[in-house]
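Chemist: My questions all concern the structure below.
The values are calculated or read from the model by the stated rules, or taken from the named source; none is laboratory data. This structure is a prediction, so every number in the text was calculated from the model and none was measured. Every residue, glycine as well, gets a Cβ built from its backbone with ideal geometry; the counts of neighbours run over all protein chains shown. For accessibility, only protein heavy atoms count, side chains too; no ligands or nucleic acids. Shrake-Rupley method; radii C 1.70, N 1.55, O 1.52, S 1.80 Å.
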Amino acid sequence: MSEAIGFSERSLQTLLQDLRYALRQLINNPGFSLTAIISLALGVGATTAVFSIIYAALINPFPFTQADRIMRLGVWDNAGHGHLVSLSSPQIKQLRQSPAVDSLVAMDDWSMTLTGHDLPEDVNAIYLTPNGFDFLGMPAWRGRGLVPSDAIEGESPQPVVVLGYRFWQRHFNSDPAVLGQTIQLEHKNYSIVGIAAPRFRWYSADVYLPLDLNEDPVPIFMVNFRLKPGESRAAANAALQPILEQFAKETPKHFPEHFKVDVQGLNDWVVRQIGRTLYLLLGAVGLLLAIGCSNVSILLLARGTARQHELAVRAAIGANRGRIVRQLLTESLVLAITGAVLGVLAAYGMLAGIRAVLPRYAFAPEVVIGINLPVLFFSVGIALLTGILFGLWPAWQLSRPATAQIMQSNTRRMAGSVHGSRAHGSLIAGQIALTLLLLAAAGTTMEGFQRLMHVPLGYDPHDVMSVGIPIPENGYKTWEARSSYIKQLRAAIAATPGVTTAGISTNSTPPQNGRDQRFEIEGRPQLEQQTMRLNFVSPGYFPALRIPLLRGRVWSDTEDQAGAHVAVINQAMARLYFPNGDAIGRSIKVPGIENRPPILLSAPGIADSWLQIVGIVADHRNAGLRDPARPEAFVPWTLCMWEYTEILVRSDVPPLSLLHAIRKQLTLVNADQQTSGDVNDLEQWIRDEPEWQQTYLVSWIFGAFSVLALILAAVGLYSVVSYTVTQRTNEFGIRMALGAQRTHVWRIVFASMLINVSSGILVGIVLRLALNKVLAAWAQNGSRDPAILIVAALLLILVAGIACALPARRAAKIEPMVALRCE
């Protein structure tokens, strides 16, 4: 027993001795230690941060039960445009019987007014079938969710409401005593029966109310359904195709003429918009991790090679191989563990930084981004493995040559051995190649982002904001009453001090505006692919956006209020459908316009009336920032009015500063009239575009990572050259004592790195050219300009030159007699 205790004490003392010696070694070589630790920390931190975002946004975005089986119902038309499908109550009941459907939930969304306060507040409400909370598998956080007794078929729904968690925090200051209290919406009292869970963010609603699934045959309800276990999407599409074709016969205006059913997962839109971007960034941080590990490998090999003489001496005076290996392992572990710990801290810092530049609407609202522990452990494991393997390399090399041979060799020959030179050269070349690849990719994405920022818009978004105005539910039910009311609202906004122009833009706020509609041209047969974007606007829309009129005229305010059957088209439509220049005076018909009181009020007989083209305006971006303008027509807003409109406000001051005054003006027309909760200027509308968000995110993060990679490569190269110069100090002294000039020393130092750097750049250029198509497909809007690759290579050569010049300058300034005494 005493022997075992003695053995344990000796082992502990030996371990502490090794640890103290390892710390002394690292402290005595601060440049080497800091470079290796920072390299590991940056690689671990960046990899963990980016993959944590990928995991949260793409792999596990939803807290719902079996979220991968929850589908939206959509179709594709022959033109390749996607449409989400709304159904009527009878159609929903029929859909429930499909063999592909396990269960479903129907919903409708609306902006309600929170009344009973100084200013009315816009509330995003979701009317949900009472099985909604059970369907999603998330009980309420406090109280209860909606239950079947809240909406019994044939009866009016109960006046109950479940508060969204964030709305509860914001409006009720997180007071748990709100259960059982009432909230006033549209001057009606609702009893608060529950508070949704923090991650229950279904369609970003503020409140959830029971849905009255009435027998109205008009499709107004959105549907989500769960596939039956084992059912594939392809099988579901095939099973639902005949059902939806039958629905299309019943309500043809709500379906394209020809379509294919396409059930869509909840997260498909995220994968389409930004999924490729995130995986591209994962590749970038993978390169950064590889560069960091390469840096550590180079440093450990260089230092290990230089220490082989020391290790041989220790072996000659009695240290066995196990003792030497244990000492080197302790040093490597201290280095790797320190880098890994700092990498964990860096991961949290980088994640916070990336979250700060993530687009506002990049992911589903339920996504919670946090550090992914498995990835963190993996990255830390890679860092530890790198430190251990390359830290023990000298001991492995020591087991091959004879100790006496090593002791008889001077340090210079050991540092410049064939095996050491090859290993160093390969790692340096690989590091240079990866850095060049990252630099070139960053330059490509940055140039693409700059080009996207300066794309001609065709309109002026500066000093303009779009004010969304929900019309009170079930209010202004006649065409005359609603048109008169909206006119009053526009006039009230126009009278606000600081407002220069106010134009109605029901569905026409660029750079994504209008809705695709089939149309007919008088005197020509109707073609299935003959579509345009239809916009409902007032005459003030064009001066508000400064869109020039090229030919003809815009309808007058009198025609606007009367719902005149006129239209103005853009250049794209004139070129495509009227190539002979005879557009003005011709007439078009839009049969898809419908009248659905009280939600949708259209001018009498508008779907069967011909609209005369009276003017042509210049093109502006109406299908995003990348695509050219699509054919579009503008018609008076009074031809079709929803229970919602938008008013574009141009001002001579920052427009958002007028928002409070505008809201005050609206209450003079109607004390309960509110604006949408999220009002932004048109420059923010541009920044919210998926292509802008994607390109901005890629260019920003690629730029940051490429700078880090460049710094790592420069510091690593400097450390290796500096270490090599130190080991060759004796040689340089002999050369200068024999008459060599300082320029000769410079030449030796640069020549030692020239082959490695140049070969690395060559490999990097080959890799960049080989991956050109991949980057072009994944980094949309990226440039293929070869000048970017040339500039990246020149920048890397410059940095490598500086990294080599500093040690070379120091070597050339050494006095020969001092150098001769150095060994």
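Chemist: I'd like to know if the stretch 102-117 contains one or more residues that are over 10 Å from Val223 (Cβ atoms) and of a type in the set (A, V, I, L, M).
Modeler: Within the stretch 102-117, the first condition is being over 10 Å from Val223 (Cβ atoms), and the residues that meet it are 102-103, 108-117.
Narrowing further to those that are of a type in the set (A, V, I, L, M): 112, 114.
Taking every residue of the stretch 102-117 in turn, at least one turns out to be over 10 Å from Val223 (Cβ atoms) and of a type in the set (A, V, I, L, M).
Chemist: Do you know which residues across the stretch 452-503 are part of a helix (DSSP H, G or I) and open to solvent by less than 30 Å² (accessible area, probe 1.4 Å)?
Modeler: Correct list: Leu452, Arg482, Ser483, Tyr485, Ile486, Leu489, Ala492, Ile493.
Chemist: Now for a different question. Is it the case that Ala151 is in contact with a strand residue (DSSP E or B) (Cβ under 9 Å, 6 or more places away or on another chain), more than 26 Å from Gln673 (Cβ to Cβ), among the small types (Gly, Ala, Ser) and open to solvent by less than 70 Å² (accessible area, probe 1.4 Å)?
Modeler: Numbers: in contact with a strand residue (DSSP E or B) (Cβ under 9 Å, 6 or more places away or on another chain): yes; more than 26 Å from Gln673 (Cβ to Cβ): yes; among the small types (Gly, Ala, Ser): yes; open to solvent by less than 70 Å² (accessible area, probe 1.4 Å): yes.
In short, yes.
Chemist: Residue check, Leu682 against (1) under 29 Å from the mean Cα position of the chain (by Cα); (2) under 24 Å from Met573 (Cα atoms); (3) touching a residue at least 12 places away in the same chain (Cβ under 8 Å), all met but one. Which one?
Modeler: So Leu682 meets the others, but not (2).
Chemist: Looking only at the stretch 597-611, how many residues end up being outside any loop (DSSP other than H, G, I, E, B) and either surrounded by fewer than 15 Cβ atoms within 10 Å (Cβ to Cβ) or among the β-branched types (Val, Ile, Thr) (or both)?
Modeler: From the stretch 597-611, those outside any loop (DSSP other than H, G, I, E, B) are 600-602, 606-608, 611; that's our starting set.
Checking the rest, the ones that are also either surrounded by fewer than 15 Cβ atoms within 10 Å (Cβ to Cβ) or among the β-branched types (Val, Ile, Thr) (or both) come to 606, 608.
Qualifying residue count, the stretch 597-611: 2.
Chemist: Output the residues belonging to the stretch 354-379 that are in a helix (DSSP H, G or I) and open to solvent by less than 30 Å² (accessible area, probe 1.4 Å).
Modeler: So the first thing to find is which residues in the stretch 354-379 are in a helix (DSSP H, G or I), and the list is 354-357, 373-379.
If the condition is that a residue be in a helix (DSSP H, G or I) and open to solvent by less than 30 Å² (accessible area, probe 1.4 Å), then Ile354, Val357, Val375, Leu376, Ser379 are the ones that fit.
Chemist: Being free of Cβ contacts under 8 Å to residues at least 40 places away in the same chain, open to solvent by 10 Å² or more (accessible area, probe 1.4 Å) and within 17 Å of Gly552 (Cβ to Cβ): is that true of Asp627 here? Give the steps one after another, and end with the answer.
Modeler: Working: free of Cβ contacts under 8 Å to residues at least 40 places away in the same chain: yes; open to solvent by 10 Å² or more (accessible area, probe 1.4 Å): yes; within 17 Å of Gly552 (Cβ to Cβ): no.
Answer is no for this residue.
Chemist: Working only within the stretch 244-264, note down all residues that are in contact with a strand residue (DSSP E or B) (Cβ under 6 Å, 6 or more places away or on another chain) and of a type outside the set (Val, Ile, Thr).
Modeler: Within the stretch 244-264, the subset in contact with a strand residue (DSSP E or B) (Cβ under 6 Å, 6 or more places away or on another chain) is 244, 256, 259-264.
Residues satisfying the conditions are Leu244, Pro256, Phe259, Lys260, Asp262, Gln264.
Chemist: Search the stretch 243-300 for residues being among the small types (Gly, Ala, Ser) and farther than 22 Å from Arg69 by Cβ, and hand back the single one that is surrounded by the most Cβ atoms within 10 Å (Cβ to Cβ). Outline the logic, then answer.
Modeler: Of all residues in the stretch 243-300, those among the small types (Gly, Ala, Ser) come to 248, 265, 275, 283-284, 286, 290, 292, 294, 297.
Adding the requirement that they be farther than 22 Å from Arg69 by Cβ leaves 248, 283-284, 286, 290, 292, 294, 297.
Numbers: Ala248: 18, Gly283: 18, Ala284: 25, Gly286: 16, Ala290: 18, Gly292: 31, Ser294: 27, Ser297: 25.
Looking at the filtered set, the residue picked out is Gly292.
Chemist: Please give the number of the condition Ser719 fails out of (1) crowded, with 22+ Cβ neighbours inside 10 Å; (2) modelled with pLDDT of 75 or more; (3) over 21 Å from the mean Cα position of the chain (by Cα).
Modeler: (2)
Chemist: Taking the stretch 99-121 on its own, how many of its residues are open to solvent by less than 30 Å² (accessible area, probe 1.4 Å) and either modelled with pLDDT of 85 or more or of a type in the set (Asp, Glu) (or both)?
Modeler: The number of residues fulfilling the criteria is 8.
Chemist: Hey, another quick one. So which residues in the stretch 625-658 are over 30 Å from Gly605 (Cβ atoms) and part of a strand (DSSP E or B)?
Modeler: Filtering the stretch 625-658 down to residues over 30 Å from Gly605 (Cβ atoms) leaves 625-629, 649-658.
Listed by number, the residues that qualify are Val649, Arg650, Ser651.
Chemist: Okay, moving on. In the list Leu84, Leu16, Leu42, which residue meets the criterion of being modelled with pLDDT of 80 or more and exposed (fewer than 14 other Cβ atoms within 10 Å of the Cβ)? Talk me through it step by step, then tell me what you get.
Modeler: Values: Leu16 fails: modelled with pLDDT of 80 or more; Leu42 fails: exposed (fewer than 14 other Cβ atoms within 10 Å of the Cβ).
Of the residues listed, the single one that is modelled with pLDDT of 80 or more and exposed (fewer than 14 other Cβ atoms within 10 Å of the Cβ) is Leu84.
Chemist: Residues in the stretch 664-682: is at least one of a type outside the set (A, V, I, L, M), closer than 30 Å to Ile37 by Cα and either surrounded by fewer than 23 Cβ atoms within 10 Å (Cβ to Cβ) or in contact with a Leu (Cβ under 9 Å, 6 or more places away or on another chain) (or both)?
Modeler: No.
Chemist: Also, I was wondering about something else. Scan the stretch 203-223 and tell me whether some residue there is open to solvent by less than 30 Å² (accessible area, probe 1.4 Å) and more than 23 Å from Ser156 (Cβ to Cβ).
Modeler: Going residue by residue through the stretch 203-223, those that are open to solvent by less than 30 Å² (accessible area, probe 1.4 Å) are 205-211, 219, 221, 223.
With the extra rule that they be more than 23 Å from Ser156 (Cβ to Cβ), the set shrinks to none.
No, the stretch 203-223 has no match at all.
Chemist: From the list Met573, Met532, exactly one residue is farther than 24 Å from Arg482 by Cα and modelled with pLDDT under 95. Which is it?
Modeler: The match here is Met532.
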